[in-house]
């Protein structure tokens, strides 16, 4: 056969070689023993170096520096010989849950300890993805927690009487108000539902975009927070879809449409938009989480800021009484069951939740502020957040956050229906019936 | 005996004649070898997921609950009772059809404009693509701010012009309209570029002949441009329909499906049920409905496409 090049091969030869290569590749891919042996083989001439024990902890970006400072300050690695790697988790529960579920299903985990919120705790502990912590926690740990924190932990950090998370951040929506505006108009800060409703007449100037109050109520867990807050004030749990929830929905509707107290556009706002409106002098008072205090005091609001503009009052009392005027939400540490460094993770978690380290953590940053007795005793009393926590604790206004065993799914049902009712797409009765039916289907 | 042997030899010869020749068999083998990588790839990335999704849709597969039993058509029956899915299905159809038709019209208008001779035409063609180049999720969040009742640029202009306040997202009709219009704003430029390419391929002689015959601008557009870019319009329309059916990022960023479920779409429901709640069975049933919609639209589109045979 004539050839134009010495490298030319026949078709038969090409097919034979290609077939051999494919068979070889397939064999290698399906021969784990061979591959594993190759992977584990030590490179010739490289001395074996003993690696330190290590553990990975995932925190939100806002807490990264605090955690690094805390570990350095307490010298955990020096004391234990365990290297700690602080990695960032995403700040949305949706992304985080996807990441964790995928990893756990594969029998591994992207990190050993996670700093996580209520929604994730409920979902992951019920899915049996988290490690029970009762065996590694000191028996007197809970003595240091305030009764409210203990009650909260029993609902939000346990499943089947097993603890899956120890909380370090425990904060609640704060009742912020413009003291300068109230003083100017000679009116007192509203302390009851009726007084709140009456504020529409005092402050709302719809034509100029000024409202007595505003909130971030866009769907996606924002609206649910407000529904839970108001229903708790009405004396119930929205997930029960009982009379208190009905009263709460009617009240919110009236605040928006009858009294013109609450800006209806809140339904399409998130917290950033809400905060932006407040510092633009469009809102007289509002419910908002403590991070607003940092935002108001930040450099970008330096010209606007004055203590009288961000005064803190007790939340209004509803038909349910003072004990449920507000509720906290929490973040805490837990261990993923499929963690590759389980023993090290247990050591680090025990260390982080100990009384001494909890106090040190609070000194590092207010992300670690909570109502533990030791923490509050050592907290700087001139700090606005400490004062607020003390004020709310002393006044006994803190209730337990309304719970549902399938929280993430249930809150979506609440939001879909409540949002439809508040925008006149559905009657109140239809809303309640449909919500109840959908929640029943979850069981 | 001899006769039997002879008969057998004849039969074997006939069979050998019916079998393909050695060369033909080699060609078949080569064909199989060359086609199989693509075939296996499509099998793994398209056929397998689709079949698996359909199978899941008949099970109560929930990763977090740990259930995975065969439940027949229960998931499909539950679709009809689910408020979120019902709302999403109705808006998906409105959203997909309206935004595609509007997108095609606006795209054609932009293309017509960009096809004209004017100074700065290249610059205009370039900036035309900016909305399309913006990631959809970014556009969603950006428009949420642009339409904010307090600080949004658009409500501000509206108030300046009419003296009325504009609060779009608390009214289901306005919210739906807004989602559709933002989608058109985002995608029409890309369609325009495709149509522009088609328009530039139309021989100028046709227009000159029509002009000589006394055709006005509208007649030239309707009787020359439109028929000749019709296959592109059908193709783009088909693509847009299918892409829109699968898209959820705009809705997620702009309205999160609210108010109520007024702007929710099927893809958003699949995301919620599958990724947030890990109810793979139910999410697969919604995907099944979406698949059916895509298939129907695809078939209609292909039939339409065959109707248009462009000849110059």
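No value in this document is a laboratory result; all are computed from the given coordinates. Predicted, not measured: the structure shown is a model, and the values here were computed from it. Virtual Cβ from ideal backbone geometry, glycine too; neighbours counted across all protein chains shown.
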## Note on the structure
Expressed in angstrom and ordered largest first, the alpha-carbon extents of region A:231-277 along the principal axes are 34, 23, 15
### Task
Please report Rg over Rh for region A:174-305, where both radii come from the alpha carbon positions and Rh follows the Kirkwood definition.
0.96
### Query
Roughly what % antiparallel, to the nearest 5, for the DSSP beta bridges in the protein assembly as shown?
65 percent
### Task
Given the options B:292, B:114, B:43, state which has the largest fluctuation in a GNM of chain B using a 10 Å cut-off (strictly under) for Cα springs.
B:43
#### Entry: Computed [θ] at 222 nm, deg cm²/dmol, the protein assembly as shown (DSSP H ≥ 4; -39,500 (n - 2.57); rounded to nearest 500)
-17500 deg cm²/dmol
### Task
Compute the separation of the alpha-carbon centres of region B:16-46 and region B:270-284 and state it in Å as a whole number.
39 Å
#### Entry: Distance between modelled label sites at residue B:113 and residue B:129, nm, 7 Å Cα→Cβ extension
1.8 nm
### Query
Is there a simple number for the mean count of other chain Cβ atoms within 10 Å of the Cβ of residues in A:413-423, and what is it?
5
### Task
Please report the Cα spread of chain B along all three principal axes, rounded to whole Å, starting with the longest.
110, 71, 28
### Message
Taking the number of other C-beta atoms within 10 Å as the exposure measure, put B:226, B:166, A:67 in order starting with the fewest.
### Response
B:226, B:166, A:67
### Of B:36, B:21, B:284, the one that fluctuates the most in a GNM where chain B has Cα springs shorter than 10 Å
B:21
### Query
Can you pull the semi-axes for chain A, root of five times each eigenvalue of the Cα gyration tensor, sorted largest first, whole Å?
50, 29, 22
### Message
Can you give me the angle between helix A:222-233 and the longest principal axis of chain A, using Cα atoms only, in degrees from 0 to 90, rounded to the nearest 10?
### Response
50 degrees
### Space enclosed by the convex hull of the alpha-carbon atoms of the protein assembly as shown, per residue, Å³
305 Å³
### Query
What FRET efficiency would be calculated for the residue pair residue A:391, residue B:42, taking the C-beta separation as r and a Förster radius of 60 Å, to the nearest 0.05?
0.40
### Query
Going by how many other beta carbons lie within 10 Å of each one, how would you line up B:275, A:398, fewest first?
B:275, A:398
### Query
For region B:203-245 and region B:99-124, what is the separation of their Cα centres, given in Å?
13 Å
### Task
Would you mind checking the radius of gyration and Dmax of region B:2-56 based on alpha-carbon positions, in Å?
21.0, 63
### Task
Mind sorting A:229, B:243 by how few other Cβ atoms lie within 10 Å of their own Cβ, fewest first?
B:243, A:229
### Query
For residue B:154 and residue A:151, what does the FRET efficiency come to when R0 = 56 Å and r is the distance between their Cβ atoms, rounded to the nearest 0.05?
0.75
### Task
With everything on Cα atoms, drop me the angle between helix A:342-353 and the longest principal axis of chain A, reported from 0 to 90° to the nearest 10.
20 degrees
### Query
At what distance in angstrom do the alpha carbon centres of region B:136-163 and region A:206-273 lie from each other?
23 Å
#### Entry: Computed label-point distance, nm, for sites residue A:135 and residue B:32 using a 7 Å Cα→Cβ extension
5.6 nm
### Task
Using R₀ = 22 Å, calculate the FRET efficiency as 1/(1 + (r/R₀)^6) where r is the Cβ-Cβ separation of residue B:222 and residue B:200; round to 0.05.
0.75
